[in-house]
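Below: one structure, written as structure tokens.
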Amino acid sequence: MLKIAYPKRSHYASVLIAAFIFAGCGGSTGQSKQDSAKLATFGSNSNSNILLGAGSTFVYPLFSKIFSEYAKESHVLVNYQSIGSGGGILQLTNKTIDFGDSDAPLNDEQTKKIGVPVLHIPMCAGAVVISYNLPELKSKLKLTPDVLANIFLGKITKWDDAQIKKINPGAALPATDILIVHRSEGSGTTNIFTTYLSKVSADWNTKPGKGSAINWPAGIGGKGNEGVSGLVKQTPGAIGYIELAYAMQNNMTFADMQNKSGNFITPTVASTSAAGNINIPDDAKVSLSNTDAADGYPISGLTWALIYKEQNYDGRSLQRAEKMVKMLWWNVHEGQKYCAGLDYAQLSPAAVTVAEKILKSATFDGKPILP
């Protein structure tokens, strides 16, 4: 059975999280009226000390710890639902949560549907690892960009394929079928992974391309990082992409990836940090994949908290808006100390500076919320 070893939450936070689980919500699917009604009970019009968030499963282990610590310090509880980046964007669009979280910036269609400016506040950087289940293989698997793309394109179907053996000389690769496991719902983790594949493979870029949800050439789907982790761990011969924290917490094996410099890099906090040490644009929308850093892990990415720039909507109070913005400010400052222990990379100083400017641009009735 898959073990998700998340940090312990406070009793009250655990009760709240249990009370607001989004039954069956994920990706681009709609949420039932009953679920929306539950959210409205503590929704955006409320002045309670409960903030609602939803989205990325990629960042969930970190958010669990950060929000638990923030509740102790501020007495503001954050109920965050790990439903996938697509689901978080949908809930933000429907105004049933205070903030979403996504591992991919809003695309043109999502931006148009929301219709008003949305701020992207970077929270941390993380690695998407290529996890595999090969009990016979005692050495560490190495993969190159082209071999990885060919596996997920369905062109390489056996573990003892000559292309895999060439980069793993002497490895005991079994003559078994490769089972590809991918996300079944709209996912920022998928966006990071497919954006990388589109950069390194012309065949992948042509079709199926990049995005939070694509038409997969091969494989089976699992819901969330949890679902993909479970399927890989339970199925000999399986390979899938998951966030580093899930792989580490579940003692899963994962490959070293060859980066642009030709180096085989183990995904770690340090190699993810190296990938994230770049210039960050003013809107914080940047891809970290296929890094130029010689010691950087090539399948890395940021995750962003998403909020409406103008917070006076649907009867929201200034007090609620202040609580949310102050919480996110805490995340990009004090909250960063919890990243490394959970296998995430802290924001670079440049990214923190950009995050500060973005949060200071949030308004209520056109006036800045933060001083």
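Remarks
- Scalar couplings 3J(HN,Hα) for the range 67-73, obtained by applying the Karplus form with A = 6.51, B = -1.76, C = 1.60 to θ = phi - 60°, are 5, 5, 5, 5, 4, 5, 7 Hz; x denotes Gly and Pro.
- The C-alpha atoms of the range 254-346 occupy a region whose extents along the principal axes are 54, 26, 22 Å, arranged from largest to smallest.
- Calculated from backbone phi, Karplus (6.51, -1.76, 1.60) coupling profile of the range 133-138 in Hz, x at Gly/Pro: 10, 10, x, 6, 8, 8
- In the chain, the calculated helix contribution to ellipticity at 222 nm averages -10000 deg cm²/dmol per residue, counting -39,500 (n - 2.57) for every DSSP H run with n ≥ 4.
- With a cut-off of 11 Å between beta carbons, the residues surrounding residue 268 carry a summed charge of -3, where Lys and Arg count +1 and Asp and Glu -1.
- Within the chain, percent of DSSP bridges classed antiparallel, to nearest 5: 55
- Cβ crowding within 10 Å averaged over residues, with 197-203, 304-310 ranked highest first: 304-310, 197-203
- Listing 152, 58 from fewest to most neighbouring C-beta atoms within 10 Å gives 152, 58.
- C-alpha center-to-center spacing [the range 317-371, the range 122-142] in angstrom: 30
- The range 163-173 - phi-based ³J(HN,Hα) in whole Hz, Karplus 6.51/-1.76/1.60, Gly and Pro as x: 5, 6, 5, 4, 8, 10, x, x, 6, 7, 7
- This ranking places 196, 338 by how few other beta-carbon atoms lie within 10 Å of each, fewest first, which gives 338, 196.
- Cut-off 14 Å between beta-carbons: net charge of the residues surrounding residue 184, Lys and Arg +1, Asp and Glu -1: 0
- Pairs beyond 21 Å (Cα-Cα), from 95/326; 166/260; 112/360: 112/360
- Overall form of the range 168-229: oblate. Here a/c, set by the Cα gyration tensor axes a ≥ b ≥ c, is 1.5 or more, and a/b is not larger than b/c.
- Once C-alpha pairs closer than 8 Å and six or more residues apart are averaged by separation and normalised to the residue number of the range 128-300, the relative contact order reads 29 percent.
- Lysines with Cα under 20 Å of residue 223, excluding same-chain neighbours fewer than 8 positions away: 3, 210, 233
- The separation of the range 220-259 from the range 88-110, counted between C-alpha centres, amounts to 25 Å.
- Here, the range 128-300 has an Rg and a Dmax of 15.1, 50 Å when only alpha carbons are counted.
- Ranking of 363, 291 by count of other Cβ atoms within 10 Å, fewest first: 363, 291
- Placing a pseudo-label 7 Å from each Cα along the Cα-to-Cβ vector at residue 317 and residue 199 gives an inter-label distance of 4.5 nm.
- Environment charge of residue 196, counting only residues whose C-beta is closer than 13 Å and scoring Lys/Arg +1, Asp/Glu -1: +1
- Think of each Lys and Arg Cβ as +1 and each Asp and Glu Cβ as -1; about the Cα centre, that makes the dipole of the chain roughly 340 debye.
- Note on the chain: Cα-Cα pairs beyond 36 Å make up 20% of the total pair count.
Computed from the coordinates by the stated procedures, all read-outs in this text should not be read as laboratory data. Given the structure is predicted, the values throughout are model-derived calculations rather than measurements. Positions of Cβ are backbone-derived with ideal geometry, glycine not excepted, and every protein chain shown enters the neighbour counts.
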